[in-house]
Structures are given as structure tokens and as C-alpha cells.
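Below you'll find the structure, written out as C-alpha cells, and then a few comments.
The values are calculated or read from the model by the stated rules, or taken from the named source; none is laboratory data. All of these numbers come straight from a predicted model, not from anything done at the bench. Counting neighbours? That spans all protein chains shown, and the Cβs are built from the backbone with ideal geometry, glycine included. Heads up: the accessible areas ignore ligands, DNA and RNA and are worked out on the full protein's heavy atoms, side chains in. Shrake-Rupley method; radii C 1.70, N 1.55, O 1.52, S 1.80 Å.
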Amino acid sequence: MKIKYTAPLRGELSIPGDKSISHRSVMFGALAEGTTEVTNFLTGADCLSTISCFRQMGIKIEFVPHERGAHVLIHGKGLHGLTVPSATLDAGNSGTTVRLLSGILAGQAFDTVITGDASIQKRPMKRIMMPLTAMGADISSVNGNGCAPLSIHGKILQGIHYNSPVASAQVKSCILLAGLYANGVTSVTEPAVSRNHSELMLRYFGADVRTDADEYSHTSIVNGRKTTLHTGFTASISPEPTLVGQKVRVPGDISSAAYFIAAALLVPGSELLLRNVGINPTRDGMLRVCQEMGADITLLNEDYSGAEPCADLLVRSSHLKAVEISGDIIPTLIDELPVLAVLAAFAEGTTVIRDAAELRVKESDRIAVMTENLSRIGCPVEATEDGMIITGGKALQGASIDSYKDHRIAMSFAVAALACSGEMDILDAECVNISYPGFYEDLASVCR
Ligand code: S3P
């Protein structure tokens, strides 16, 4: 894919549905009694992998493409309604599918093997195997390397309290889902708050999910108004709830909106309205960092009526300055760090990203890959163990970029292309279909 600057970003765009919420709507819908009706479901390959795994376990799922997303009906069979799949479950490129599903599979009355593509087979699974084993699960790495394929022999589980060494919603959600099948309460404490979509949606479906009283708060981007997020560092769940199918409207994915926010900020003369973006405070770190960098972003039509808040974002091109990105904000923008690194490459001064070692175990080693590719376009950048040091403000030049088949790397350099001279050539550019089918078409449609 070759991309170069054509025109400022103008007009408006509806962002496709949130990947994390789309996955969960299928999983929890399958475990609920009755039908779950999902609108604006993300049709990215990762979420389709989740659908196919549940179909293999006897769940009827109707999928109707609708506008930019899909309308999905999941005919749930209750907590104990899954049936043994006839073959290995294939999670494709999706870490969320492997890790969350493993928590569910650990408590079934049958055995399964779950795996995925070459990238998934390199990603660490000990982080879920350890706590699941502590709950009494029988789970092993088939190749003995702590990665998928995972072989899971279903068992009756015991509730535990787990002190997670890592702030990861995939680990937290895996344990809470296993907790549905445990004797007694299961709880997880994290070192920092990770996305809380599982807690919100499981509660909405009828589970008894609690979070501790430590409220985590930050100042929202809208007129300095304070938003308090009612979640804590500990989440707990009681076993054997009756989950009831619900209607879920998936908000636009802020992680996908991030590329358009960044592009509109970087390209002079841009003014772009992004409709219906999820602004859950456990996901909005990108907005907070952009604001600190001097970005002109206004939230309009905020809607707090559903479980997941959303708003329209009006973004205008801005002169950006360097910042430090570290500490508790990292889990709230973990998937946006590649595109934030691109913003840093064009911002005035030196941006330091720390406490983000998790980037090394995503779909690619995002610290190594961003450093390699930013260097190729002429940006002074240094990789550290847990982040990057990026000196912005130099004129940068389009180059040939290897996405390493990582969707977030491809989209980040499509954004960078618009602010570089010359042309960017992105290898394996079609990997954007993992989380954003139609990304390049959407980008072209607003550059006018
Ligand atoms: C996700 C959690 C995050 C994120 C991933 C989706 C989820 O991963 O990077 O894209 O849906 O729970 P970790 O939990 O590994 O940080």
C-alpha cells in the first residue's frame, strides 16, 4: 500500500465498533440464557474468530452485515450449554479470543485445544496458565513453551484471589470468566486499572461483579470537568449467575479513532468530526495525552446513558509538543502507543514513553518495530527496555515500512505518511483487516 499526502482531513466519519466490546458481546451472549442482539458489531477478523469458536461449540449465531458493522444475534445456551468442538479452536491473530476463552474452557465438562496464527503462537500464555492452574484448572502448552496451542482439560474450579503482576484486561477477564465456574468468589487485583468492559458487560448480563472502593479519577478533556471512574484495582465475581441475553450497541472503537485523531492533528488545515466514539475512562488515555500535547479536541454529544459512554470528537490540526507518557495511564492507551509515537515524531521536543514493556508482547514487538520504522523515515528514536525516546520536529520522509503484519503498525504509518514528504510504502498493509476493515478507504474519504 502506497500512501502520500493529498489534502487536509475534513468532514465526518463513523468509527467501526469497539473490538474488545464486540468480542465480549459474543462470549457473554453465548453463556447467557436467551438471545443477545448486538448492533454495530466490528467485522474485523479478530471478532470473526471469536464467532467461529463459539459456533464450533454449538452456539447458533446469526450474522447480518449492516451499514459499517454487523447486526449479530447470539442464541445463548446458558453457562453450561457449550458443547465439545470437533476440532482445535482457532483464534487467528486474536489474543483476546485465546485468553478470555481459556478462562471459559477451563470450567467446561469437556476438553479442548485452542491455538491461533504464527503471532499468537509466540505470545505469552503463562500469565493466564498460572492463575488458572491455581484455580484447579488443567491447562498446558502443547509445545511446552508457555504459548499456544493450549490444551485444556475441563474441571471444577476453586475461587481464588489473584494478585496480577501485570495490568492486563485479558488476564483479568480470563480469571473472572473462570470464576463463573468456580466454587466461591474469585477476585483479581491489578497494579493499575485496565479496561473494564468485562466487568461492565457481565454486570449488565446479570452477574454479581464488584470492584473495590478505590476510585480512580482523572480530569476529563471536556472543559476540565472531572470524571470519576467507578472501578478499582480489584474486581471480583460470584459463581454460577444466571446470565440473561441483552441488547448491546457497540460504540465506535477509540483505538481505531486514534488514527484519525492523530492524522487530523498532524495535517495542517484539518477539521474532522468522528462520530460515536467510546470514551470509557479506562480507554481514554490517548485523549488525555493529546490534550497535554496541546491538541484541539472537543467532545460533543456525550452520552452516558448506556453501560459504555460515548461521544463525537471534533479534532482540529494543532501544534503539538513533547510529553512524558508513563505510569498508570499506560494501560488506558496501550494499543494507541504506536500512533502516539508517530505524533511524538512530529511534536516539538523529546517524548519519553516508559512503563510500557507490554508493547514487546503484542501482535509484534511494538517497541522494536516502531523504532525500526520511525528510524527509516528519519526520526531520531531510541528503544528502551520498556518504551521509547523520540525526538520530534525534524522534517520526515516517506519510506518503505514493514508492518510485520501488525495492524496497529500499518495504520500508524498510514497516518505518518500524511505528514511526511514523499510516499510511504507499507508492506503487508492488508493486516488492518484484523481490527479495521475499510481503513484505507475511510482515510481516503476524509482527505479532501
Ligand atoms: C484487550 C486488552 C489489551 C489490548 C488488546 C485488547 C481486551 O490487552 O491490548 O488489544 O480486549 O481485553 P492486554 O490485556 O494484554 O493488555
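Scanning region 415-431 for residues that are open to solvent by 20 Å² or more (accessible area, probe 1.4 Å) and outside any strand (DSSP E or B) yields Ala419, Gly422, Glu423, Asp428, Glu430.
So is Arg225 at pLDDT 95 or above, under 21 Å from Gly278 (Cβ atoms) and open to solvent by 50 Å² or more (accessible area, probe 1.4 Å) or not? Break it down stepwise before answering.
On the way: at pLDDT 95 or above: no; under 21 Å from Gly278 (Cβ atoms): yes; open to solvent by 50 Å² or more (accessible area, probe 1.4 Å): yes.
No, not satisfied.
For region 379-389, the set of residues classified as surrounded by 16 or more Cβ atoms within 10 Å (Cβ to Cβ) and without any contact (Cβ under 8 Å) to a residue 60 or more places away in the chain consists of Cys379, Val381, Ala383, Asp386, Met388, Ile389, listed by residue number. For region 173-187, the condition of being at pLDDT below 95 and either farther than 17 Å from Lys362 by Cβ or near the ligand (Cβ under 10 Å from one of its atoms) (or both) holds for none of the residues. Residues being closer than 20 Å to Ser22 by Cα, touching an Asp or Glu at 6+ places or on another chain (Cβ under 7 Å) and in contact (Cβ under 8 Å) with a residue 40 or more places away in the chain are represented in region 108-117 by at least one member.
Limited to region 338-376, what total is found for residues that are within 16 Å of the ligand (Cβ to nearest atom) and either on the phi > 0 side of the Ramachandran plot or of a type outside the set (Gly, Ala, Ser) (or both)? Explain how you work it out, then say what you get.
Within region 338-376, the subset within 16 Å of the ligand (Cβ to nearest atom) is 338-341, 353, 355-367, 369-370.
Okay, now just the ones that are also either on the phi > 0 side of the Ramachandran plot or of a type outside the set (Gly, Ala, Ser) (or both), so 338-340, 353, 355, 358-363, 365-367, 369-370.
Selection size over region 338-376: 16.
Say whether the condition of being within 16 Å of the ligand (Cβ to nearest atom), touching a Ser or Thr at 6+ places or on another chain (Cβ under 9 Å) and within 23 Å of Cys431 (Cα to Cα) is met by at least one residue in region 285-293. Checked region 285-293: at least one residue is within 16 Å of the ligand (Cβ to nearest atom), touching a Ser or Thr at 6+ places or on another chain (Cβ under 9 Å) and within 23 Å of Cys431 (Cα to Cα). Please list, ordered by first then second residue, the pairs with beta carbon atoms under 6 Å, 6 or more apart or interchain, first in region 186-208 and farther than 19 Å from Gly107 by Cα and open to solvent by less than 20 Å² (accessible area, probe 1.4 Å), second polar (S, T, N, Q) and within 11 Å of the ligand (Cβ to nearest atom). Close Cβ pairs satisfying both conditions: Glu190/Ser164; Val193/Thr282; Ser194/Ser168; Asn196/Thr282; His197/Ser20.
Within region 147-166, can you find the residues that are within 15 Å of the ligand (Cβ to nearest atom) and open to solvent by less than 30 Å² (accessible area, probe 1.4 Å)?
Going through region 147-166, the residues within 15 Å of the ligand (Cβ to nearest atom) turn out to be 147-148, 162, 164-166.
Cys147, Ala148, Ser164, Val166 - these are the residues of region 147-166 that are within 15 Å of the ligand (Cβ to nearest atom) and open to solvent by less than 30 Å² (accessible area, probe 1.4 Å).
One line per residue, one yes/no per condition, for (1) in a helix (DSSP H, G or I); (2) within 28 Å of Ile120 (Cβ to Cβ); (3) open to solvent by less than 10 Å² (accessible area, probe 1.4 Å); (4) of a type in the set (D, E, K, R):
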{"residue": "Leu374", "(1), (2), (3), (4)": "yes, yes, yes, no"}
{"residue": "Ala395", "(1), (2), (3), (4)": "no, no, no, no"}
{"residue": "Ile409", "(1), (2), (3), (4)": "yes, yes, yes, no"}
{"residue": "Phe413", "(1), (2), (3), (4)": "yes, yes, yes, no"}
{"residue": "Asn433", "(1), (2), (3), (4)": "yes, yes, no, no"}
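Listed by position, the strands (runs of 3 or more DSSP E) contained in region 142-194 that have at least 3 residues being touching a Gly at 6+ places or on another chain (Cβ under 9 Å) are 186-189. Of the residues making up region 310-337, those that are more than 16 Å from the ligand (Cβ to nearest atom) and among the aliphatic types (A, V, I, L, M) number 7.
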